[in-house]
1. Under a point spin-label approximation (7 Å from Cα along Cα-to-Cβ), what is the H35-H20 distance to one decimal in nm?
2. Which aspartates and glutamates have a Cα less than 19 Å from the Cα of K8, not counting those fewer than 8 places away in the same chain?
3. Extension gain A49-K8, at 0.36 nm per residue separation less the Cα-Cα distance, in nm?
4. After finding the eigenvalues of the alpha carbon gyration tensor for the stretch 5-60, what semi-axes result from the square roots of 5 times each, listed largest first in whole Å?
5. Got a number for carbon plus sulfur as a percent of the stretch 5-60's accessible area, 1.4 Å probe?
Amino acid sequence: NSEDVRCKCICPPYKDHSGHIYNKNVSQKDCDCLHVVEPMPVPGPDVEAYCLRCECKYEERSSVTIKVKTYASRI
């Protein structure tokens with residue numbers, strides 16, 4: 001697969017939970033905390049507050065380009 005797509009959510013510390021980065025292969029429309037953060041580190045009543053703090057971004061990358069750049073940097 002020459003194209004990699006993923007959603008990356010960066011969630012800062014919340015209450016007694018440390019910050020964490022979550023990655024998941026989901027469609028662009030599902031790129032949000034509720035679809036990407038698994039397992040949810042907070043109980044039900046805190047989910048909304050936790051998710052509002054997370055920053056989620058949809059990313060498309062080319063695996064071929066990454067491999068070529070990595071190879072070129074080794075020469």
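1. The two pseudo-label positions are separated by 2.0 nm.
2. Cross-link targets: D30, D32, E38, E48, E55, E59, E60.
3. Numbers: separation 41, 0.36 × 41 = 14.76 nm, distance 1.84 nm.
Additional length available on full extension: 12.9 nm.
4. Values: eigenvalues 77, 23, 14 Å².
The three semi-axes for the stretch 5-60 are 20, 11, 8 Å.
5. Details: 1900 of 3660 Å².
C and S fraction of accessible area: 52 percent.
The values are calculated or read from the model by the stated rules, or taken from the named source; none is laboratory data. From a predicted model like this one, the values you see are computed outputs, not experimental measurements. Note: ideal-geometry Cβ built from the backbone for every residue, glycine included; neighbour counts use all protein chains shown. Heads up: the accessible areas ignore ligands, DNA and RNA and are worked out on the full protein's heavy atoms, side chains in. Shrake-Rupley method; radii C 1.70, N 1.55, O 1.52, S 1.80 Å.
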